[in-house]
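Trainee: Below is a structure I'd like to ask you about.
Computed from the coordinates by the stated procedures, all read-outs in this text should not be read as laboratory data. Note that the coordinates shown come from a computational prediction; the quantities given were computed from them, not determined experimentally. Cβ coordinates were reconstructed from backbone atoms using ideal geometry, including for glycine residues, and neighbour counts include every protein chain displayed.
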Amino acid sequence: MERTASGCSGSLKEYAIGVDVFDRDPSYDSRIDPIVRVEARRLRQKLLTYYAGEGRTDSIRIEVPGRGYLPTFRYLDHAQPDGLPSGTHVICPTTVAVLPISGDLNTGFADGLTDEVVCLLSGAEAIRVAAWTSPTQGAPGMGGVAGFPRPVNLDYVLEGTVRRENANVRVYVRLVNPVSGFCVWSEAYELEVRGVFDTQKRIGAQISSGVRSYLRTARQELHQGWKENDHFALALYSEGRTFLNSRTRDGIHQSVECFRQLIDSCPGFALAYSGLADAYSLGARYDVFPHQESWERARSAALDAVRIDYSLAEAHTSLGFVDLHYRRDWGSAEREFCTAILLNPGYAPARQWYGWLLAATGQQELAITALKQAVGMDPLSPNANADLALTLYFSRRYDEAIEQCRRTLALQPGFYRAHQLSGMAHLQKGNLPAALEHLQSAVALTKGTGRTAVLLASALVAVGNTENARQVFASSIQMRKSRPSAMDFALFFAALGDLDSTFEWLERAYQEHDAELLWLSVDPIYDKVRQDPRFSELLSRIGRPPMGQRLHQLVLPASIGFTDTARSIDRLIEWNAYDSGQPPN
């Protein structure tokens, strides 16, 4: 706060915060100890909650940007600072770095043109110019942004080249998003040289006008539909995500209501569509909504999110989840997850759900790596921790899965997924009393609905209490408010050893595009029927992608440098051009 108030807009390093604020020793490594990221996330959440309630009438709003730690201040419409007309919407400045313009003219002309652009943009409203630290760094030139030293917390980088032919000079400029590496605006200007200063001034004015016009339009699109209610919109989005993270029937219903309300009031807010897509996807997975209808709604919302903002990692993650579970398009799902990770390497759910894909295709070590990275990025997420336990369970590492469930329950006592997964692991180990204890806890927490009751029925079969198992199973089916999953019947009949009924229901699940078929080839619970020829025949129809040498080599490193990200995006664009889903040679 003191640095922002004093006008010091330099970077605020994660290392410095860890040492100065949280008393970490000089050997502190932020890649191992995520304390700063965790506490920054908590602070952002508390600010959103405060401004959605008690602080909604405050005249100044404090914001901590998602890609940095230096706070910004924004005046709200209902209380403008002196000198501003009533109704003015003051927003946080857009930070633009102007690279030295390069080209085949003498250095003096290019440097003078760069200075002219910096001067004009510095005087523009709502634009903050971050200059390169010294001319001795050299100019990266067009296409050289990747890997070039740059200030942090940039929104855009402006780069350009200049060429001269006879009495004419032509300047090419483009505005680049430094996170994704994508060019968002470009233009070419050509003028007759009538004197160096005059030419620099005229071209600089045109470049400044073009940049200001683009940024003004981008801000209008960003705030469309929620100019005066952005604090409410962000708080409502966060509330919807919180409900969804519970993975309970009531929580998923409430999340849908939040995201629908947000879309009605803010139709241009891409995150709301991504949230709605995830709510319907998980609603289908957990039998909260009718499967077919819910998956179709999820895909529609995910596509809307991608159309509104193609650079949004959340949108691609949502679409990849639908492609993986509902469409069973392994190649498309992998492309979407990889796109999300390349666009935002720090978005934990993208790695989390990409780990699901790797686990489902038998690449357990890679899956565990991806899930451990997701947990490292969001260590307080019970679902990321539970998914790591799930992957360990699929790898037959039952003791590690049980220990991971214990850690998850320490984070969030009463989280039913941790009890469920711990019960499943104990069941496979043959520790039937512990399996029953955890599964009964999961059933109590979910009020006897969903797959937890089916798993409990399977455990009761294992202890020889078949009659009670049938009663528990029948009760869980009757309590469903939506059509029961065919996989629930297949799972229970597999526990009973009724192979014909098992495959009858597995075939029905295949015809209904049941999402749980994703785990058929790796779930230990189906080991009893795995040797039946019908099992391998069904797997061949479900299909398994030839993963081999795909993009996971590029996206699984825990932190991806800017150069690697830009190079990977170029490769990704080339790869996505192939309808076959195979990467180019």
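Trainee: In segment 264-341, what GluC sites (Glu not before Pro) fall in a loop by DSSP, with at most 15 other Cβ atoms inside 10 Å? Mind dumping the intermediate values first?
Mentor: Working: sites: Glu293, Glu296, Glu314, Glu334, Glu336; in loops: none.
Sparse-neighbourhood loop GluC sites (Glu not before Pro): none present.
Trainee: Can I ask one more? Rounded to two decimals, what ratio of Rg to Rh does segment 180-328 give with C-alpha atoms and a Kirkwood Rh? Display every interim value, and only then the final one.
Mentor: Values: Rg = 21.1 Å, Rh = 17.5 Å.
In segment 180-328, Rg relative to Rh is 1.21.
Trainee: Can you give the FRET efficiency to the nearest 0.05 for Ser186 and His513, using r as the Cβ-Cβ distance and R₀ = 41 Å? Present the calculation step by step, with values, prior to reporting the outcome.
Mentor: On the way: r = 43 Å, r/R0 = 1.05.
For Ser186 and His513, the calculated efficiency is 0.45.
Trainee: In sequence order, what are the phi-derived ³J(HN,Hα) couplings for segment 293-301 according to the Karplus relation 6.51 cos²θ - 1.76 cosθ + 1.60 with θ = phi - 60°, rounded to whole Hz, with x for glycine and proline?
Mentor: 3J(HN,Hα) across segment 293-301, in whole Hz: 4, 5, 5, 5, 5, 4, 5, 4, 5.
Trainee: Can you list the equivalent-ellipsoid semi-axes of segment 258-313, largest first and in whole Å, using the square root of 5 times each Cα gyration tensor eigenvalue?
Mentor: Whole-Å semi-axes of the equivalent ellipsoid: 20, 12, 8.
Trainee: Another one. Need the list of aspartates and glutamates near Lys46 for cross-linking: C-alpha distance under 13 angstrom, and skip anything on the same chain fewer than eight residues off.
Mentor: Glu54, Glu63, Glu239
Trainee: If amide H atoms are built 1.01 Å from N in the plane of the peptide, which residues on other chains or at least 5 residues away come under 5 Å of the amide H of Leu175?
Mentor: Val184, Trp185, Ser186
Trainee: How would you classify segment 349-447 from its alpha-carbon gyration tensor, with a ≥ b ≥ c the square roots of the eigenvalues: rounded for a/c under 1.5, else prolate if a/b is greater than b/c, otherwise oblate? Display every interim value, and only then the final one.
Mentor: Working: a/c = 2.17, a/b = 1.39, b/c = 1.56.
Oblate, because a/c is 1.5 or more while a/b does not exceed b/c.
Trainee: Which cross-chain or sequence-distant (5 or more) residues have an amide H under 5 Å from the amide H of Thr95, H modelled 1.01 Å from N in plane?
Mentor: When sequence neighbours closer than 5 places are left aside, the close amide H contacts are Arg128, Asp155, Tyr156.
Trainee: Which distance in Å, rounded to a whole number, links the C-alpha centroids of segment 163-207 and segment 523-539?
Mentor: Using only Cα atoms, the two centres lie 64 Å from each other.
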